[in-house]
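> First, the structure itself, so that you have it in front of you.
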Amino acid sequence: MTQLTALERDLLACVERLVTASEASAKDLTALETRSTGRIERELAGLKDCVTLLIRSQAASMKALSGLLNDEASYKTLDESLQQSLTLARAAAERLRDS
């Protein structure tokens, strides 16, 4: 095997440092991707829960209004439906704050 010149040794050392830095960077980027993906998935799950709660709230409101328009609902039934709608809307707001 031939001996390396001083310039070749310096070049080899630079390449080794570059490879080491690239490996460290790849590890850091992989860790960042994992953290970011996890955070995004949690936020999406929170948004999904909020939308579900808001749809249920809207359905309760529509049920109350439908009963009111058709004279099928008593005050008690109307109040219960609207309270359910409000409770669901508040739960959605709380879930949004938490996510």
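The values are calculated or read from the model by the stated rules, or taken from the named source; none is laboratory data. Predicted model, so just to flag it, every value in this text is computed and none were measured. No Cβ is skipped: glycine too gets one built from the backbone with ideal geometry, and neighbour counts run over all protein chains shown.
> Looking at GLU8 and the list (1) surrounded by 11 or more Cβ atoms within 10 Å (Cβ to Cβ); (2) within 30 Å of ARG90 (Cα to Cα); (3) among the acidic types (Asp, Glu), which single condition is not satisfied?
(2)
> Can ILE55 be described as part of a helix (DSSP H, G or I), within 30 Å of SER81 (Cα to Cα) and without any contact (Cβ under 8 Å) to a residue 12 or more places away in the chain?
yes
> Is it true that ARG17 is modelled with pLDDT under 95 and part of a helix (DSSP H, G or I)?
Details: modelled with pLDDT under 95: no; part of a helix (DSSP H, G or I): yes.
Taking the combined requirement at face value, the residue does not satisfy it.
> Can you tell me which residues in the range 60-92 are hydrophobic (A, V, I, L, M, F, W, C), in contact (Cβ under 8 Å) with a residue 12 or more places away in the chain and either closer than 30 Å to ARG42 by Cβ or not in a helix (DSSP H, G or I) (or both)?
Across the range 60-92, the qualifying residues are ALA60, LEU86, LEU88, ALA89, ALA91, ALA92.
> Looking at the range 30-42, is at least one residue on the phi < 0 side of the Ramachandran plot, touching a residue at least 40 places away in the same chain (Cβ under 8 Å) and in a helix (DSSP H, G or I)?
Yes: one or more hits.
Let's see how each residue does on (1) in contact with a helix residue (DSSP H, G or I) (Cβ under 8 Å, 6 or more places away or on another chain); (2) loosely packed, with under 13 Cβ neighbours inside 10 Å:
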{"site": "CYS14", "(1), (2)": "no, yes"}
{"site": "ALA26", "(1), (2)": "no, yes"}
{"site": "ARG42", "(1), (2)": "no, yes"}
{"site": "LEU54", "(1), (2)": "yes, no"}
{"site": "LYS76", "(1), (2)": "no, yes"}
{"site": "GLU80", "(1), (2)": "no, no"}
{"site": "GLU94", "(1), (2)": "no, yes"}
